[in-house]
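To keep things clear, I will list the structure first and then write my remarks on it.
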């Protein structure tokens, strides 16, 4: 929703970016509607599966065009797509307009049997796990290739430089565990905790919280236009995707499925 609102406030930046990739710049306008409109629907839990399907598609297609040269953004957008895929499968739960008023879901008639067929749910959950874990494994590779700059980034963010070894181990082990579906929930909890630390330290956008010491409008505008917040909010979407995965588990195509049941209910 934030990215959609910022495009609405100043569409020229993205307009030029789209044209630089040899596409019509006017695509920025339906993008605004998609990001803000579908984001709002997911927030309210109104036609959630339909909105999540649209955003999941967008989080695969758009970064595959615009972020192929920026692995950090590409991988986190893919992780968001994985979370949206889980929302399509399982819905928004009880705390939503769909659940509260029993609103008919738009996905079921559009894509028949998708949310009711276990033969579809299980492989989609596997793909979702792979997408959600992608940024963590990509970050391991990035840390290994650019070790010195990454270590310096830890120190600059106030973290011990040597902590990079532990973080690489956590991202690798827990990432592979999620792909295999072996100890998936504990692994997802660990990665979620690291994502929170990452968002608040290395990817901290440095928001100005001096709301009562100056011009409130200027502070809000400064925070709204803060371009350093992009990776921070992509960490937030990864946290959301991991949260859904923790609730519903890794699915039948996992090592865990042999020893414990996976939640199947859909909201």
>> Can you tell me how many residues within the range 40-77 are under 20 Å from residue 15 (Cβ atoms), without any contact (Cβ under 8 Å) to a residue 40 or more places away in the chain and surrounded by 15 or more Cβ atoms within 10 Å (Cβ to Cβ)?
In response: 4
>> Can you confirm whether residue 8 is over 18 Å from residue 237 (Cα atoms), part of a helix (DSSP H, G or I) and touching a residue at least 24 places away in the same chain (Cβ under 8 Å)?
In response: yes
> Does the range 42-50 contain at least one residue that is out of contact with any helix residue (DSSP H, G or I) (no Cβ under 8 Å at 6 or more places or on another chain) and under 24 Å from residue 191 (Cβ atoms)?
Replying inline: yes
> Tell me, which helices (runs of 4 or more DSSP H) lie completely within the range 143-251 with 2 or more residues that are without any contact (Cβ under 8 Å) to a residue 24 or more places away in the chain?
Replying inline: 147-156, 163-180, 184-200, 216-224
>> Criterion first (touching a helix residue (DSSP H, G or I) at 6+ places or on another chain (Cβ under 6 Å) and surrounded by 13 or more Cβ atoms within 10 Å (Cβ to Cβ)) does residue 137 satisfy it?
In response: yes
> Do we find that residue 90 is modelled with pLDDT under 95, buried (at least 19 other Cβ atoms within 10 Å of the Cβ) and under 25 Å from residue 123 (Cα atoms) in this structure?
Replying inline: yes
> Do we find that residue 157 is touching a helix residue (DSSP H, G or I) at 6+ places or on another chain (Cβ under 6 Å) and surrounded by 13 or more Cβ atoms within 10 Å (Cβ to Cβ) in this structure?
Replying inline: no
>> Quick check on my filter: what residues within the range 28-83 are outside any helix (DSSP H, G or I) and more than 21 Å from residue 131 (Cα to Cα)?
In response: 45, 46, 47
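The values are calculated or read from the model by the stated rules, or taken from the named source; none is laboratory data. All figures in this text were calculated on a predicted structure; none of them were measured in a lab. Because the Cβ atoms are built from the backbone with ideal geometry, glycine has one as well, and the counts that use them run over all protein chains shown.
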